[in-house]
1. If Lys and Arg each add +1 and Asp and Glu each add -1, what is the summed charge of the other residues whose beta carbon sits under 15 Å from the beta carbon of A342?
2. Given an 8 Å cut-off on Cα distances and at least 6 residues of separation, report the relative contact order of segment 123-165 as a percent.
3. Which angle from 0 to 90°, rounded to the nearest 10, does the C-alpha axis of helix 316-333 make with the longest principal axis of the chain?
4. Below 8 Å, C-alpha to C-alpha, sequence gap of six or more: please give me the relative contact order for segment 199-288 in percent.
5. With a 1.4 Å probe and every protein chain kept in, tell me what percent of the accessible surface of the chain is carbon plus sulfur.
6. Given the chain, what whole percent of its Cα pairs are spread farther than 34 Å?
7. Could you work out the relative contact order of segment 1-96? I mean the mean sequence separation of Cα pairs under 8 Å and 6+ apart, divided by the number of residues, in percent.
8. Nearest 0.05, what FRET efficiency do R379 and D117 give at R0 = 35 Å with Cβ-Cβ as r?
Amino acid sequence: MSNRLVLNETSYHGKGAIQEIAGEVKRRGFKKAFVCSGPTIFKHGVTKKVTDVLDQAGCAYEVYTNIKENPTIENVQNGVEEYKKSGADFIIAIGGGSPMDTAKAIGIIINNPEFADVRSLEGVAPTKNPCVPIIAVPTTAGTAAEVTINYVITDVEKKRKFVCVDTHDIPVVAVVDPDMMSSMPKGLTAATGMDALTHAIEGYITKAAWEITDMLHLKAIEIISSSLRGAVENTPEGREGMALGQYIAGMGFSNVGLGIVHSMAHALGAVYDTPHGVANAILLPTVMEYNADATGEKYRDIAKAMGVEGTETMSQEEYRKAAVDAVRKLAADVGIPKDLKAIVKEEDIRFLSESAAADACAPGNPKEATVDDIEKLYRSLL
Ligand SMILES: NC(=O)c1ccc[n+]([C@@H]2O[C@H](COP(=O)([O-])OP(=O)(O)OC[C@H]3O[C@@H](n4cnc5c(N)ncnc54)[C@H](O)[C@@H]3O)[C@@H](O)[C@H]2O)c1
Ligand SMILES: [Fe+2]
């Protein structure tokens, strides 16, 4: 059996990396950019850091900001119409996962118009053509959508989020500049950072994991767990570490999949608009406990990567507990709520559980999880 690895053509990392966009646009012969960004970061001048680079380089662009958090089918379809009117020949996605995912869906539909309904893109869609070229500039340190082959769209009518997996959607260039993330408030830094840690941990224990992704995920766990507290305090080292750590996690999980933390978080995002990172962070330690007996020695490596000492001499029970405790402590230190009491309503639990069990990330979970198992997991957090 062979393993596949799909990554960006080019990626830039480090402070000031956005300056490289001008050269990339020129070298690739792009004429006009369709800038996809979120309305709030547009208003607060985060998007402008990149459009200033375009202005200086004399590159034409149009801005599209009709994009919600947990972006919807409608956000994508309006974007497709705006793109067609714009005369653009490439996309620059500036934002967290929401604008980057919307940009991917727009770019895919422009070059594969038979998927204009958006819903038919769910799962592994048989698109024929690569999407419109995307330069992706993350402004949160979490989703790594700039390097993944996934995007997640919300079906408001059916109250569900669906995951689309397609190698045709990967941005050609990723520009991962910690300065784009420095304006994130503490809560958002914590939540998106815990999303990145969830990617690294779920990617490390997922069924399809292999040597190269193991290497990426362990390094990501190490960098994220030593950087997130600093990033929440807005230290330059913390921001740089999180920018890099979340990207390395993305290089891994995009190629092997995730597990039911993400499935359960998608259900919460669709029903309550719960921020993706918050949902993951609350669920992660509890689902780690559930998965423990299907993970062999892997929690020893996770505990070690999180800085726990003495893991070599620990019993299986001890290192499994140490890994879960380290995750719980990090989540508590950065202010993540302990449970779902303020989010989940009793009458929704069955629907949430069914929705999570049917999610595209569920088959990757190391341990089988039925609707009843997932229901128990939700209930244990109430
Ligand atoms: N494509 C993937 O592989 C992938 C992976 C995980 C999650 N996702 C999806 O990504 C979405 C979540 O993305 P997210 O967590 O990055 O958040 P987001 O894009 O939804 O943004 C959340 C909030 O953060 C604000 N924000 C973003 N950058 C900021 C900055 N630099 N300063 C101040 N405020 C800023 C935005 O205005 C917004 O209000 C979800 O829909 C999730 O399902 C996608
Ligand atoms: Fe995620």
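1. Cβ neighbours under 15 Å give a net charge of -1.
2. Value for segment 123-165: 40 percent.
3. 50
4. 31
5. Looking at the chain in its full context, I get 53 percent from C and S.
6. More than 34 Å apart: 22 percent of the Cα pairs in the chain.
7. Computed over segment 1-96, the figure is 38 percent.
8. 0.50
The values are calculated or read from the model by the stated rules, or taken from the named source; none is laboratory data. The structure displayed is predicted, hence computed values, not measured ones. Don't worry about glycine lacking a Cβ; one is built from the backbone with ideal geometry, like all the others, and counts go over all protein chains shown. Accessible surface areas use protein heavy atoms only, side chains included; no ligands, DNA or RNA. Shrake-Rupley method; radii C 1.70, N 1.55, O 1.52, S 1.80 Å.
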